[in-house]
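Asks: Please see the structure below; I have some questions.
The values are calculated or read from the model by the stated rules, or taken from the named source; none is laboratory data. Everything numeric here is computed off the predicted structure, so don't read it as measured data. We place every Cβ from the backbone using ideal geometry, glycine too, and count neighbours over all the protein chains shown. Accessible surface areas use protein heavy atoms only, side chains included; no ligands, DNA or RNA. Shrake-Rupley method; radii C 1.70, N 1.55, O 1.52, S 1.80 Å.
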Amino acid sequence: MSPTMVNGIMDDIEGEFLYIPGVMTPTEVLTAYEAGAQIVKVYPVSALGGIKYISALKKPFPHISMVASQGITIESTGDYIREGASSVVLSDAIFNKEFMKQKNFDGISQLSKLAASRAMEALEWKQQSSLNESCH
């Protein structure tokens, strides 16, 4: 995973590794996808508008998987997933500075479980919404 798209890296890895280039603009999303990226990292998403920005980017690119990265909280995880993010980067939210300093791995584990729970709830909501739409 990278904060930018590194030109030529897609040619070098030839499917051996999953490379997730960082993108900011619709042009960068499309350029990365056309270069062979299976998923892109929208970075820095919170500075670009957060959940609303992911939602707006997904409209022209529903077929491109996106990871929301930077400034995401555990509380907003579900909203990002519901609005189109395939996943989120939660390093700052999960690796709480105080927990890290105290080596409180149980606390970090609890934050991880809470984040996973929020994401699962959002995925279940999306699946239910899709079923409801297909029935109408």
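Asks: Inspect all residues belonging to the range 90-111 and state whether any of them is of a type outside the set (Phe, Trp, Tyr) and under 13 Å from the mean Cα position of the chain (by Cα).
Replies: Pass one, the range 90-111, residues of a type outside the set (Phe, Trp, Tyr): 90-94, 96-98, 100-104, 106-111.
From the residues that got through so far, the ones that are under 13 Å from the mean Cα position of the chain (by Cα) too are 90-91.
Yes, the range 90-111 has at least one match.
Asks: Is it the case that Phe95 is surrounded by 15 or more Cβ atoms within 10 Å (Cβ to Cβ) and either in contact with a helix residue (DSSP H, G or I) (Cβ under 7 Å, 6 or more places away or on another chain) or of a type in the set (Phe, Trp, Tyr) (or both)?
Replies: On the way: surrounded by 15 or more Cβ atoms within 10 Å (Cβ to Cβ): no; either in contact with a helix residue (DSSP H, G or I) (Cβ under 7 Å, 6 or more places away or on another chain) or of a type in the set (Phe, Trp, Tyr) (or both): yes.
Criteria not met by Phe95.
Asks: Ala47 passes all but one of (1) under 25 Å from Leu111 (Cα atoms); (2) open to solvent by less than 40 Å² (accessible area, probe 1.4 Å); (3) not in a loop (DSSP other than H, G, I, E, B); which number fails?
Replies: Result: Ala47 passes all but (2).
Asks: When you go through (1) surrounded by fewer than 14 Cβ atoms within 10 Å (Cβ to Cβ); (2) charged (D, E, K, R); (3) more than 28 Å from Glu14 (Cβ to Cβ) one by one for Glu34, which number turns out not to apply?
Replies: Single failed check for Glu34: (3).
Asks: Taking only the range 8-31 into account, find how many residues are out of contact with any helix residue (DSSP H, G or I) (no Cβ under 7 Å at 6 or more places or on another chain) and surrounded by 11 or more Cβ atoms within 10 Å (Cβ to Cβ). Can you show your working first?
Replies: Filtering the range 8-31 for residues out of contact with any helix residue (DSSP H, G or I) (no Cβ under 7 Å at 6 or more places or on another chain) gives 8-18, 20, 22, 25, 27-28, 30-31.
Pick out the ones that are also surrounded by 11 or more Cβ atoms within 10 Å (Cβ to Cβ) and you get 9-10, 13, 20, 22, 25, 28, 30-31.
Final tally of qualifying residues: 9.
Let's see how each residue does on (1) at pLDDT below 95; (2) in a helix (DSSP H, G or I); (3) more than 14 Å from the chain's Cα centre (by Cα):
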| residue | (1), (2), (3) |
| --- | --- |
| Pro3 | yes, no, no |
| Val6 | yes, no, yes |
| Lys41 | no, no, no |
| Ile54 | no, yes, no |
| Leu57 | no, yes, no |
| Val67 | no, no, no |
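Asks: Restricting the first residue to the range 116-134 and requiring it to be under 23 Å from Ala93 (Cα atoms), which pairs with a second residue that is in a helix (DSSP H, G or I) and open to solvent by less than 70 Å² (accessible area, probe 1.4 Å) meet a Cβ separation below 6 Å and a spacing of at least six or different chains?
Replies: The qualifying pairs are Arg118/Thr77; Arg118/Gly78; Ala119/Thr77; Ala119/Ile81; Glu121/Gly78; Ala122/Gly78; Ala122/Ile81.
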